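S.K.: Structure below; questions to follow.
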Amino acid sequence: MQGRVTVKDVNESALVLENSKEGDVSTYLYGCSCHKQGSRIFSPTGSFNYTQVGVDTIDRKTLSYTSSMVGLDYRSSLIGMPAQDFVATTLKEGQLVPYCYLGQEINCSVKYGSIEFQGVNISAVTLRYYGPITSWMPLAVKGRGVYWNGTADYTFNFEMNTGY
């Protein structure tokens with residue numbers, strides 16, 4: 001998955017971010033015979049590229065969501081949750097930390113390193129999660145969302161000095 005966050009507005013109390021993600025999804029449907037045969041939306045197995053664009057409003061004091069939209073879907077489950085666009089700058093390498101992603105809390109391991117950003121290597125904090133995931137994601141693919149239950153392999157990078 002590739003992503004880009006753009007600051008759309010900022011004031012004393014709020015930060016408005018546009019979060020654009022693009023990635024690949026592989027589907028493996030099983031269950032009743034109607035799903036095994038596929039449908040107009042998904043085939044029993046296959047892969048596709050998706051795009052997701054969200055607009056989040058974050059309280060600058062608590063760094064938690066006050067509003068969250070993906071496309072036309074309002075995500076009320078995220079209201080009050082910690083914003084996924086920031087991490088604490090006090091994280092220690094090797095520790096496990098909770099992180100909010102796709103509307104749920106996952107425990108990630110912390111690693112220090114560097115990442116390339118606009119042609120420059122910068123110091124980074126990397127959160128890594130590998131494990132079970134159950135989630136629903138509204139996607140801009142054929143006008144549908146996807147509910148999945150499986151294994152996730154996520155890597156999240158943040159600039160070390162600011163946590164962004």
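The values are calculated or read from the model by the stated rules, or taken from the named source; none is laboratory data. Note that the structure is a prediction, hence the values are computed from the model and not measured. Reconstructed Cβ throughout: ideal geometry from the backbone, glycine too, with neighbour counts over all protein chains shown.
S.K.: Using the structure shown, decide if THR62 is more than 22 Å from THR126 (Cβ to Cβ), of a type in the set (Ser, Thr, Tyr) and within 17 Å of the chain's Cα centre (by Cα).
M.R.: Numbers: more than 22 Å from THR126 (Cβ to Cβ): yes; of a type in the set (Ser, Thr, Tyr): yes; within 17 Å of the chain's Cα centre (by Cα): no.
So THR62 does not fit the description; no.
S.K.: Within the set of pairs 6+ apart or on separate chains, which have a first residue in the stretch 67-85 that is on the phi < 0 side of the Ramachandran plot, a second that is crowded, with 19+ Cβ neighbours inside 10 Å and charged (D, E, K, R), and C-beta atoms under 6 Å apart?
M.R.: Pairs found: SER68/ASP56.
S.K.: If you don't mind, another one. Residues being of a type outside the set (Ser, Thr, Tyr), exposed (fewer than 15 other Cβ atoms within 10 Å of the Cβ) and part of a strand (DSSP E or B): count how many of those fall in the stretch 49-68.
M.R.: 2
S.K.: So, in the stretch 1-38, of the ones that are polar (S, T, N, Q) and modelled with pLDDT of 90 or more, which residue ends up surrounded by the most Cβ atoms within 10 Å (Cβ to Cβ)?
M.R.: Keep residues of the stretch 1-38 that are polar (S, T, N, Q), which gives 2, 6, 11, 13, 19-20, 26-27, 33, 37.
Filter once more, keeping what is modelled with pLDDT of 90 or more: 11, 13.
Details: ASN11: 8, SER13: 11.
Checked the stretch 1-38; the qualifying residue surrounded by the most Cβ atoms within 10 Å (Cβ to Cβ) is SER13.
S.K.: Please find, among GLU116, GLU93, the residue that is over 21 Å from VAL7 (Cα atoms), among the acidic types (Asp, Glu) and either exposed (fewer than 15 other Cβ atoms within 10 Å of the Cβ) or in contact (Cβ under 8 Å) with a residue 12 or more places away in the chain (or both). Give the derivation first.
M.R.: Values: GLU116 fails: over 21 Å from VAL7 (Cα atoms).
So the residue among GLU116, GLU93 that is over 21 Å from VAL7 (Cα atoms), among the acidic types (Asp, Glu) and either exposed (fewer than 15 other Cβ atoms within 10 Å of the Cβ) or in contact (Cβ under 8 Å) with a residue 12 or more places away in the chain (or both) is GLU93.
S.K.: Within the stretch 82-96, does at least one residue satisfy the condition of being in a strand (DSSP E or B), modelled with pLDDT of 90 or more and among the hydrophobic types (A, V, I, L, M, F, W, C)?
M.R.: First pass over the stretch 82-96, keeping only residues in a strand (DSSP E or B): 82, 96.
Add one more test, that the residue is modelled with pLDDT of 90 or more, and what stays is 96.
Next, only the ones that are among the hydrophobic types (A, V, I, L, M, F, W, C) stay: 96.
Within the stretch 82-96 (the criterion being in a strand (DSSP E or B), modelled with pLDDT of 90 or more and among the hydrophobic types (A, V, I, L, M, F, W, C)), the answer is yes, since at least one residue qualifies.
S.K.: Taking the stretch 53-73 as the search range and keeping residues that are acidic (Asp, Glu) and modelled with pLDDT of 90 or more, which one is nearest to ASP9 (Cα to Cα)? Don't jump to the end; show me each part of the working.
M.R.: Taking the stretch 53-73 as the starting set, the residues that turn out to be acidic (Asp, Glu) are 56, 59, 73.
With the extra rule that they be modelled with pLDDT of 90 or more, the set shrinks to 56, 59.
Details: ASP56: 11, ASP59: 12 Å.
Checking each candidate, the answer is ASP56.
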